[in-house]
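Enquirer: Here it is: the structure, laid out below.
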Amino acid sequence: MHNKNVAHSNIFPPRRPAKAETTDKDVLAMLLVTTAGKVGAETARLLARRSEPVRILVRDRGKAFAPAQAGVEVVEGDLEVPATVDAAMRGVSAVVLVSPAIPRQELNVVNSAVHAGVGHIVKITGESSSDSPIARRRGQAEIEAGLIASGLDYTLLKNNAFMQNFFVQAPSIVTANSFGSSAGDGRIGMIDARDVAAVAAEIAVSPEPHKGKTYWPTGPESLSYVEAAVVFSKVLGRRISFRPLTFDEQRGAMAAAGLPESVAEDNARALALFAQGDADYTTDDVRSILGRPARTFEQFVTDHATAFS
């Protein structure tokens, strides 16, 4: 197991853009979260719980019932349509940028933030490389480069794999007491998406110490899928076994679960890299930012035991 650098600054520090003129209505330091997925919705909820003015941008207001109930301002828009992003950006002081790593969408947000004079962007990302065999990682690299070049203050949260990815395995765990993966014996420093959201919220509220930094949030331990099965067995009180899959079996299983072919291919390629140790690292970044340890995998399974029962 290896450790990532806890944080580092880029060689060329970002330039803060000139602030746009604001009205009295705008100075409330609104925080914008760009999607209502597993990280975005939880980030918005945590910010609302702290009584921070927070807005979440969604394509379908009807699918953001939980954030609305938590006191989050929900606005409809589309990251593909710059005018709707610009409307959501009004009065915003910081953005938590999270989407399915589609460069044109996220760069629309970056461009809008530049024009609005936004102070800081917290970018939810992961492993990234312009020459990666995984399309998502190439996309993240393009987005990160565009954000850095924009001159905005930013922080990158390059998360390890989410524990919540196991939800796709829930039907098999429930019906067959087993789950399969092509990750082999590879260990993964999995992180609970709730911890990523908590880190993002903390930085969005107090960005100054985190300007230009890159963090690598992980859980406190690196586990193989065999070891994850042991945790499931302990928490659920019944034997859960792990089934090794080939690359083609993994890709087919993901496609059968309803993922688009390109996403199934991408995910299978990522798991093949996990088998080679690509995700076998942990850091103390969650503790250093939140002042508490990251959740363990056992905590995750315990909290969501009903989903696997």
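The values are calculated or read from the model by the stated rules, or taken from the named source; none is laboratory data. From a predicted model like this one, the values you see are computed outputs, not experimental measurements. Note that we place each Cβ from the backbone using ideal geometry, even for glycine, and neighbour counts take in every protein chain shown. Keep in mind that these areas ignore ligands, DNA and RNA; they rest on the heavy atoms of the full protein, side chains included. Shrake-Rupley method; radii C 1.70, N 1.55, O 1.52, S 1.80 Å.
Enquirer: Take the stretch 37-74 and flag every residue that is open to solvent by less than 30 Å² (accessible area, probe 1.4 Å) and in a strand (DSSP E or B). Write out each step before concluding.
Expert: Residues of the stretch 37-74 that are open to solvent by less than 30 Å² (accessible area, probe 1.4 Å), as a first pass: 39-41, 43-44, 46-48, 54-58, 64, 67, 72, 74.
If the condition is that a residue be open to solvent by less than 30 Å² (accessible area, probe 1.4 Å) and in a strand (DSSP E or B), then Val54, Arg55, Ile56, Leu57, Val58, Val74 are the ones that fit.
Enquirer: A further question follows. Is it the case that Arg238 is open to solvent by 70 Å² or more (accessible area, probe 1.4 Å), of a type in the set (Lys, Arg) and in contact (Cβ under 8 Å) with a residue 40 or more places away in the chain?
Expert: Judged against the criteria, Arg238 is not a match.
Enquirer: Follow-up question, since we're still on this one. Among the residues of the stretch 209-230, which ones are among the charged types (D, E, K, R) and either without any contact (Cβ under 8 Å) to a residue 12 or more places away in the chain or closer than 18 Å to Thr302 by Cα (or both)?
Expert: Within the stretch 209-230, Glu221, Glu227 meet the criteria.
Enquirer: If you check Gln250, Gln299, which single one turns out to be over 30 Å from Glu144 (Cα atoms) and not hydrophobic (A, V, I, L, M, F, W, C)? Reasoning before the result, please.
Expert: Values: Gln250 fails: over 30 Å from Glu144 (Cα atoms).
The unique qualifying residue is Gln299.
Enquirer: Now, a different point. Just to be sure I understand, how many residues within the stretch 191-208 are touching a residue at least 24 places away in the same chain (Cβ under 8 Å) and either open to solvent by less than 10 Å² (accessible area, probe 1.4 Å) or of a type in the set (Ser, Thr, Tyr) (or both)?
Expert: Qualifying residue count, the stretch 191-208: 11.
Enquirer: Name the residues in the stretch 292-309 that are assigned to a helix (DSSP H, G or I), open to solvent by 30 Å² or more (accessible area, probe 1.4 Å) and more than 23 Å from Glu202 (Cα to Cα), would you? Before the answer, list the steps.
Expert: In the first step, residues of the stretch 292-309 are kept if they are assigned to a helix (DSSP H, G or I); the result is 297-303, 305-308.
Then keep just the ones that are open to solvent by 30 Å² or more (accessible area, probe 1.4 Å); that gives 298-299, 302-303, 306-307.
Across the stretch 292-309, the qualifying residues are Glu298, Thr302, Thr306, Ala307.
Enquirer: State which residue pairs qualify: first residue under 30 Å from Ser206 (Cβ atoms) and without any contact (Cβ under 8 Å) to a residue 12 or more places away in the chain and inside the stretch 262-291, second residue assigned to a helix (DSSP H, G or I) and not polar (S, T, N, Q) in any location, beta carbons under 9 Å apart, and separation of 6 or more residues or different chains.
Expert: Cβ pairs passing all conditions: none.
Enquirer: If you take the residues in the stretch 217-235 that are surrounded by fewer than 24 Cβ atoms within 10 Å (Cβ to Cβ) and part of a loop (DSSP other than H, G, I, E, B), which one is farthest from the chain's Cα centre (by Cα)?
Expert: If we take residues in the stretch 217-235 being surrounded by fewer than 24 Cβ atoms within 10 Å (Cβ to Cβ) and part of a loop (DSSP other than H, G, I, E, B), then Ser224 is farthest from the chain's Cα centre (by Cα).
Enquirer: Hey, Ser99 hits all of (1) under 20 Å from Ile203 (Cα atoms); (2) modelled with pLDDT of 95 or more but one; which does it fall short on?
Expert: All conditions are met except number (2).
Enquirer: Is it the case that some residue within the stretch 254-272 is under 13 Å from Asn160 (Cβ atoms) and either assigned to a strand (DSSP E or B) or open to solvent by less than 30 Å² (accessible area, probe 1.4 Å) (or both)?
Expert: So in the stretch 254-272, the residues under 13 Å from Asn160 (Cβ atoms) come out as 270.
Narrowing the set further to residues that are either assigned to a strand (DSSP E or B) or open to solvent by less than 30 Å² (accessible area, probe 1.4 Å) (or both) leaves 270.
The answer is yes; a qualifying residue exists.
Enquirer: Report yes if Leu223 is under 15 Å from Asn160 (Cα atoms) and among the aliphatic types (A, V, I, L, M), otherwise no.
Expert: yes
Enquirer: Filter the stretch 113-171 for residues that are charged (D, E, K, R) and either outside any helix (DSSP H, G or I) or open to solvent by less than 10 Å² (accessible area, probe 1.4 Å) (or both); which is farthest from Ala201 (Cα to Cα)?
Expert: Checking each candidate, the answer is Asp131.
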